[in-house]
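Okay, so here's the structure we're looking at.
Read-outs throughout are calculated quantities, based only on the coordinates presented, and are distinct from any laboratory measurement. Worth saying up front: this structure is predicted, and the values here are computed from it rather than measured. Positions of Cβ are backbone-derived with ideal geometry, glycine not excepted, and every protein chain shown enters the neighbour counts.
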Amino acid sequence: MAASVRLVSVDYEVFGKVQGVFFRKNTKRTADRLGLVGWVKNEVKSRPGQAALKTVVGQVQGEETKVSIMKKWLRETGSPKSKITDAHFRNESIIDRLEFASFDIRK
């Protein structure tokens, strides 16, 4: 009897030089290659008296082992010209079904 595949969902935010370096495009390419669904978008947070914080945020869903591979990619690899300083993962949970049909770049 084959082991059942667990589906998981996780929200992420990636910090560092992640805008203007094709990070979203490479995130979609990696998610598509792994068969994952979800989304990615640029985020800009205003901070009084400081430069705006530019990050990439999103959600990824799929088979648990493939989501783990994606989390490692988001934390350590990114796009060729990116410089990742940190990655935060939140709201990781087991899900019954995928909530998205594809992996999309949001504006």
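Dipole of the chain computed with +1 at Lys/Arg Cβ and -1 at Asp/Glu Cβ about the Cα centre; of 31, 78, 62, farthest Cα towards the positive end is 78. Multiplying the residue separation of residue 44 and residue 105 by 0.36 nm and removing their Cα-Cα distance gives an extension gain of 20.4 nm. Taking other C-beta atoms within 10 Å as the exposure proxy, 105, 94, 84 rank 94, 105, 84 from fewest upward. To the nearest ten degrees, helix 23-34 and the longest principal axis of the Cα atoms of the chain are 10 degrees apart.
Per residue of the chain, the DSSP helices (runs of n ≥ 4 H) give a summed -39500 (n - 2.57) that works out to -7500 deg cm²/dmol at 222 nm.
Given 20 °C and 1.002 mPa s, compute D for segment 7-107 with the Stokes-Einstein relation, Rh being the Kirkwood radius over Cα pairs; round to the nearest whole µm²/s. The diffusion coefficient I find is 158 µm²/s.
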